[in-house]
Amino acid sequence: MTGSVTAKYREMRVNATDLFDLVLLALLLTCAIGIARLKDLAACAILFSAYSFILCLVWAHRGAPDVAMTEAAVGAGITTVLFLVVISRVGRREK
């Protein structure tokens, strides 16, 4: 009986890579829910930038450094700046 419990424990072990993936997934979900619920558009833009940066980490961790660099430059960089410029012109609060 003890041997079968040990074998099941070995099968259920989570390695560091899986744990890192789960943490990133939890952060992505938290950012996505926060973006959907916030009424302050500037805060949404900043949270969207964080979402893009976390997604950049996911791509880098998955072995796609070219996609990660593109996500960092476009998603977390240019898009956030454009969002903030537009928000400064139209107003910060959603009606």
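Data table
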read-out: FRET efficiency, residue 84 to residue 62 (Cβ-Cβ, R0 30 Å, nearest 0.05); value: 0.55
read-out: Residue-span extension gain [residue 16 to residue 46] - 0.36 nm each, minus C-alpha spacing; value: 7.9 nm
read-out: Scaled radius of gyration (Cα, divided by 2.2 N^0.38 Å) that the chain gives; value: 1.53
read-out: Burial ordering of 52, 88, fewest other beta-carbon atoms within 10 Å first; value: 88, 52
read-out: Karplus (6.51, -1.76, 1.60) ³J(HN,Hα), θ = phi - 60°, over the range 46-59, in Hz, Gly and Pro reported as x; value: 5, 5, 5, 5, 5, 4, 5, 5, 5, 5, 4, 5, 4, 4
read-out: Kirkwood Rh, angstrom, the range 43-95 [1 / mean 1/r, Cα pairs]; value: 11.5
read-out: Expected 222 nm ellipticity per residue - DSSP helices of 4 or more, -39500 (n - 2.57), all of the chain, to 500; value: -24500 deg cm²/dmol
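Throughout, read-outs are computed from the coordinates displayed, never taken from laboratory work. Given the structure is predicted, the values throughout are model-derived calculations rather than measurements. For neighbour counting, all protein chains shown are included, and Cβ atoms are generated from backbone atoms with ideal geometry for every residue, glycine included.
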